[in-house]
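Input: a single structure, listed below in structure tokens.
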Amino acid sequence: MNAAVPAPARGRAALFSLLVALPLALPLSSAGFSLLSQLASAWLLLLSVGLLVTRAGLLSFGQAMYAGLAAYAAAHAMNTIAASGWPLPFALAPLYGGMFAVAVALVFGPISVRRGGLSFAMITLGLGLLVALAAPMLQGFFGGEGGVSTDRTAGPVWLGLDFLSQRQLYGVSAAYVLLGAALMRGLDGTRLDLLARAVRDNPLRVAVSGATPRRVRLQLVLVSAFLAGLSGALQTLRLEQVSAGSLGLPQSSMALLFSLAAGSGTAWGALLGAGLMVGSESVLASVSQAWMLYVGLGFLAIVIWAPQGLSGVLCDLAQGLRARRNPDLLWGLAALLICGGLSLIGASSLIELLYAVRQQLQVGSTLRLYGVPLPIGSADVWVGAALLAATGAGLCALVWQALVPQLRAGGARE
């Protein structure tokens, strides 16, 4: 049985629930609610990845497989319900997808959980590629190149939900986010949770004690597949379309990358990772062709200087601020942000200039960046961008070296 939930944990859970429900009370546009629905779907996907990474030490490249198959299952279920007139609400489509993902995990899971570590990662990679390559050949289920379309407004109205507005769609998405958070909260401290962490640390000792590491991994994979299935089915509700591209390796890799970068072993970490992923794919990709390069460089920097993830860094800073209560620490953090911003502006200017040259623009062409016209053929522009990037990075290093002793004194991890 779970131990009594401490008051701070209850407070964080209440704050998270309030944050999820708050947008429903705000006068947001349809585009805003659509973006929030996308964020909810990404959160569930990253939560499923983080569940395996943090509790069992398993790197899965097959989460997009579970999410994509669940998306197809939800689309077929919605089309069948609409055609037959069954009184089943489309608001439950994510549950249909989640249960289908669990059924798939019951088939593929025993194959992948025989070993942990690199073996698990490679097996899930192979299974994901197998399903992605089989999709064009199984057109009855996958719909060929066009995929499968559906209409979320064609189902029966249930509790006033006709899905004519994006606000209703986000309301349903928020409900499943809270369901996922409750599932994770309920898993904490259970026998499965403790055994999974023990299997992660020493599977041989767990086997000697009488438990079966393979069975423990499988149970955790089933929970993770359910969360990924919720994510995929929510995407079907939002887009009303699912294609074979949702099954590919890039989707699994992006989810794993942002999960590790944000440190998404918790609901808050997954929220940070989902925000970064949606921001990169929706906002950054719309303003720069080099967005994948920015994502890669950012991930590399996090792995080198913040292996605990961005959420871990934020926790460290919060602990340091609470312990020290030193105004100089706040000024140091502000200086770090300013210097980091200068370095980022300089580095991004260099990258955009390089991409402009790669596109074979004329020497006299001008690149508008941050509202400033930059002549591509001007040496001053290139030198200035390089100096700004180098100066900002150097100042960041100096400020960080000054901050580290203060954070250590506050009891935070480096």
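The values are calculated or read from the model by the stated rules, or taken from the named source; none is laboratory data. Since this is a predicted model, take the numbers as computed values, not measurements. Quick reminder, even Gly has a Cβ in these numbers, built from the backbone with ideal geometry, and neighbours come from all protein chains shown.
Quick rundown of the values:
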{"item": "Candidate set: the range 272-283, residues that are modelled with pLDDT of 85 or more and of a type in the set (A, V, I, L, M, F, W, C); chosen: the one nearest to the chain's Cα centre (by Cα)", "result": "274"}
{"item": "Check on residue 39, crowded, with 24+ Cβ neighbours inside 10 Å and in contact (Cβ under 8 Å) with a residue 24 or more places away in the chain", "result": "no"}
{"item": "Residue 80 of a type in the set (S, T, N, Q), assigned by TED's automatic domain parsing to the domain that holds residue 180 and modelled with pLDDT under 90", "result": "no"}
{"item": "Search result, residues across the range 8-63 that are under 18 Å from the mean Cα position of the chain (by Cα) and either among the basic types (Lys, Arg) or not in a helix (DSSP H, G or I) (or both)", "result": "55, 57, 58, 59, 60, 61, 62"}
{"item": "Positions within the range 123-134 being touching a residue at least 12 places away in the same chain (Cβ under 8 Å) and more than 9 Å from residue 62 (Cβ to Cβ), in sequence order", "result": "129, 132"}
{"item": "Of all residues in the range 164-200 being touching a residue at least 12 places away in the same chain (Cβ under 8 Å) and among the charged types (D, E, K, R), the one that is surrounded by the most Cβ atoms within 10 Å (Cβ to Cβ)", "result": "200"}
{"item": "Residue, farthest from residue 356 (Cα to Cα), within the range 296-316, restricted to residues that are in contact with a Leu (Cβ under 7 Å, 6 or more places away or on another chain) and aliphatic (A, V, I, L, M)", "result": "310"}
{"item": "Residues that are crowded, with 24+ Cβ neighbours inside 10 Å and not in a helix (DSSP H, G or I), drawn from the range 229-266", "result": "242, 263, 264"}
{"item": "Yes/no for residue 118 being of a type outside the set (S, T, N, Q), crowded, with 17+ Cβ neighbours inside 10 Å and under 30 Å from residue 57 (Cβ atoms)", "result": "no"}
